[in-house]
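Trainee: Take this structure, written in structure tokens, and hold onto it; I'll ask about it next.
The values are calculated or read from the model by the stated rules, or taken from the named source; none is laboratory data. If you're wondering where the values come from, they're calculated on a predicted model, not measured in any experiment. Glycine also receives a Cβ, built like all others from the backbone with ideal geometry; neighbour counts cover every protein chain displayed.
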Amino acid sequence: MTSSPSPSFAEQLPTLDWVTDALKVARLSQDFFWFSPVLKRQLQGLCADGVVRPRTEDDVRQIASFCARNRLPLTLRGAGTGNYGQSVPLQGGIVMDMSAFNGMLWQRPGVARAQAGIRLGDFNRLLQDGSGQELRWLPSTYRSATLGGLFSGGFGGAGSITYGPLAAPGNILGAKVMTLEEHPQVIELRGAEAMRLHHMWGTNGIVLEIEVALAPAHEWLESIGVFDDFEAALRFADAVARNPGLVKKEVAVLADPIPAYLTALKAHLPAHRHAVLLVHAASGESTVEALAAAHGGAISYRQSHAEAQAGGHTLIEYAWNHTTLHALKVDKGLTYLQTAFIPGKHIEQVLRLKAMFEGEVLMHVEFIRNVDGHLTCTALPLVRFTTEERLAEIIAQHRAEQVRVNNPHTFIIEEGKQGGDLAPELLEMKRRLDPHGLLNPGKMRAWPALGPQEQTA
Ligand SMILES: Cc1cc2nc3c(=O)[nH]c(=O)nc-3n(C[C@H](O)[C@H](O)[C@H](O)COP(=O)(O)OP(=O)(O)OC[C@H]3O[C@@H](n4cnc5c(N)ncnc54)[C@H](O)[C@@H]3O)c2cc1C
């Protein structure tokens, strides 16, 4: 069901940039939740009553104050590439599209600060050109996704093999936030306090600016290794990932038949082979080649990252949840999971899981350093979907094998990556920054959805 944007918003806040086209309002109310058949059933068609695009901090302040005074739900949106309906307004109200609030503020050796709506690809380029530095992590959606969206709804991505997820202390240094009150306050949060808004889906504060730690820029090379044997591919990827002498950004393993879904790379992916996608420093070329040969594989593709970026897609855009996206273009009967393995047991666990669900769960592994710095892997395995009951069974079987599942088939924050009850300090932040409970209502189990009397008050 879609509704037209309320003209009264634009009448009451006439200086702001309101989206007036009903189809655009409907589109800007949705994200990539459709990767999940469960979320698709639950969220398709939900729509905001209005979408607004702030350009300045004062625009954001006007919107926050307006929502507080009128007890209107406010849902933030970056580029809407989230996978769990994070930016879908469950109870109507206003969607605030942050993509025009996108200034780069400053960059210094090792650290930079930007407004939340900046696209990660733009931010990265400004850093490379400006100071020979780059972001520590890029989600595979980096061309469109925003800094605020990654911080509030994402995990990490390419780069997490070296720097861990965003959640690793030291990656995010600070955030400037705004309260959702009649008279909004602007507050600077540092370190651990800023992290209380990380992966909270915009439920406990409006993020205006983020300060991030940086990495030195490298000349990156993209390579694909192909292997007859899955275990050999996995052990090669593990050897690349753990080699301290090799500077790398991306290490992913795709079990046969997943490479066949990457149709644009068909020439480099021989049939019925397992593939390892790598982005590493160009200086590591011969090391990678020798490691591939030692594991019985070969390098089938090599291209400079800069050329790949200029001419089409980088290998990063075939990894992480882009693998799922490419697969869904070929086979709509697929969905996916998000899992994490125990460091030190990760190889054994991946092999066991692969064997347990052969043919039904297709293994896609992403190597990372975890939040404590241990080398391990996460996975975004593809699942041949049959029923919601079977999906729940597969999740339960993973958990029985001590494999963590960050359930991507729920829009309740506690049931996803947060994995259980929210820590008291997260709820305290919600009370402090969103005392009326108007931010993205309905996503937080611990904070009851607004009652009708409050909505109309
Ligand atoms: C094909 C595909 C591949 C992906 N690959 C990756 C990956 O490699 N790594 C990864 O971590 N994720 C990945 N994702 C998920 C998603 O793309 C990323 O998390 C991305 O960074 C989200 O950015 P966005 O700007 O699109 O945020 P949105 O989807 O617009 O928003 C995400 C959440 O943040 C909130 N939010 C946005 N801006 C603000 C703000 N200023 N203040 C407070 N809250 C805010 C929104 O309300 C929402 O809850 C992938 C998704 C897809 C569809």
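Trainee: Within region 351-365, identify whether any single residue is within 24 Å of residue 287 (Cα to Cα) and in contact (Cβ under 8 Å) with a residue 12 or more places away in the chain, and answer yes or no.
Mentor: Yes, the conditions are met somewhere in region 351-365.
Trainee: Please work out which one of (1) under 23 Å from residue 360 (Cα atoms); (2) surrounded by 18 or more Cβ atoms within 10 Å (Cβ to Cβ); (3) not aliphatic (A, V, I, L, M) is the condition residue 231 fails and give its number.
Mentor: Evaluating residue 231 over (1) under 23 Å from residue 360 (Cα atoms); (2) surrounded by 18 or more Cβ atoms within 10 Å (Cβ to Cβ); (3) not aliphatic (A, V, I, L, M) leaves (2) as the failure.
Trainee: Follow-up question, since we're still on this one. What is the one condition in (1) within 12 Å of the ligand (Cβ to nearest atom); (2) over 22 Å from residue 24 (Cβ atoms); (3) in contact with a Phe, Trp or Tyr (Cβ under 6 Å, 6 or more places away or on another chain) that residue 123 does not satisfy?
Mentor: (3) is the only condition that residue 123 fails.
Trainee: Answer with yes or no whether residue 210 is aliphatic (A, V, I, L, M) and either closer than 21 Å to residue 114 by Cβ or near the ligand (Cβ under 9 Å from one of its atoms) (or both).
Mentor: Judged against the criteria, residue 210 is a match.
Trainee: When residue 323 is evaluated against the numbered criteria (1) in contact (Cβ under 8 Å) with a residue 24 or more places away in the chain; (2) surrounded by fewer than 18 Cβ atoms within 10 Å (Cβ to Cβ), which criterion, by number, is the only one it fails?
Mentor: Result: residue 323 passes all but (2).
Trainee: What is the one condition in (1) within 14 Å of the ligand (Cβ to nearest atom); (2) modelled with pLDDT of 95 or more; (3) assigned to a loop (DSSP other than H, G, I, E, B) that residue 409 does not satisfy?
Mentor: The failed condition is (1).
Trainee: Can you say whether residue 290 is of a type in the set (Gly, Ala, Ser) and either crowded, with 17+ Cβ neighbours inside 10 Å or under 20 Å from residue 138 (Cβ atoms) (or both), as far as the supplied structure shows?
Mentor: In short, no.
Trainee: Taking residue 225 as meeting all but one of (1) assigned to a helix (DSSP H, G or I); (2) crowded, with 24+ Cβ neighbours inside 10 Å, write down the number of the exception.
Mentor: Every listed condition holds for residue 225 apart from (1).
Trainee: Ok, one more. Test residue 191 against the criterion of being buried (at least 24 other Cβ atoms within 10 Å of the Cβ), modelled with pLDDT of 95 or more and not assigned by TED's automatic domain parsing to the domain that holds residue 244, and give yes or no.
Mentor: no
Trainee: For region 18-73, which residues satisfy the criterion of being closer than 21 Å to residue 187 by Cα and basic (Lys, Arg)?
Mentor: Within region 18-73, 55, 61, 69 qualify.
Trainee: Any idea which residue in region 426-450 is nearest to the ligand (Cβ to nearest atom), counting only those that are surrounded by 22 or more Cβ atoms within 10 Å (Cβ to Cβ), under 23 Å from the mean Cα position of the chain (by Cα) and assigned to a loop (DSSP other than H, G, I, E, B)?
Mentor: If we take residues in region 426-450 being surrounded by 22 or more Cβ atoms within 10 Å (Cβ to Cβ), under 23 Å from the mean Cα position of the chain (by Cα) and assigned to a loop (DSSP other than H, G, I, E, B), then 440 is nearest to the ligand (Cβ to nearest atom).
Trainee: When residue 211 is evaluated against the numbered criteria (1) free of Cβ contacts under 8 Å to residues at least 40 places away in the same chain; (2) among the acidic types (Asp, Glu); (3) under 12 Å from residue 151 (Cβ atoms), which criterion, by number, is the only one it fails?
Mentor: For residue 211, the failing item is (1).
Trainee: Kindly evaluate residue 31 against the criterion of being of a type outside the set (S, T, N, Q), surrounded by 16 or more Cβ atoms within 10 Å (Cβ to Cβ) and more than 16 Å from the ligand (Cβ to nearest atom).
Mentor: In short, no.
Residue-wise test of (1) crowded, with 24+ Cβ neighbours inside 10 Å; (2) part of a loop (DSSP other than H, G, I, E, B).
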residue	(1), (2)
51	yes, no
62	no, no
69	no, no
76	yes, no
79	no, yes
84	yes, yes
87	yes, yes
96	yes, no
99	no, no
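Trainee: Sticking with this one: Is it fair to say residue 91 is away from the ligand (no atom under 11 Å from the Cβ), part of a loop (DSSP other than H, G, I, E, B) and farther than 30 Å from residue 213 by Cα?
Mentor: yes
For every residue, the table says whether it meets (1) farther than 18 Å from residue 237 by Cβ; (2) more than 23 Å from the chain's Cα centre (by Cα); (3) not assigned by TED's automatic domain parsing to the domain that holds residue 258.
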{"site": "296", "(1), (2), (3)": "no, yes, no"}
{"site": "303", "(1), (2), (3)": "yes, yes, no"}
{"site": "324", "(1), (2), (3)": "yes, no, no"}
{"site": "327", "(1), (2), (3)": "yes, no, no"}
{"site": "340", "(1), (2), (3)": "no, no, no"}
{"site": "351", "(1), (2), (3)": "no, yes, no"}
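Trainee: So residue 319 ticks every box in (1) touching a helix residue (DSSP H, G or I) at 6+ places or on another chain (Cβ under 8 Å); (2) within 16 Å of the ligand (Cβ to nearest atom); (3) more than 17 Å from residue 217 (Cα to Cα) but one. Which box is left unticked?
Mentor: Here residue 319 clears every test but (1).
Trainee: Search region 144-174 for residues being more than 22 Å from residue 248 (Cα to Cα) and part of a strand (DSSP E or B), and hand back the single one that is farthest from the ligand (Cβ to nearest atom).
Mentor: Taking the candidates together, the pick is 173.
Trainee: I need the full set of residues from region 121-143 which are touching a helix residue (DSSP H, G or I) at 6+ places or on another chain (Cβ under 6 Å), aliphatic (A, V, I, L, M) and not in a strand (DSSP E or B), in order please.
Mentor: The answer is none; no residue qualifies.
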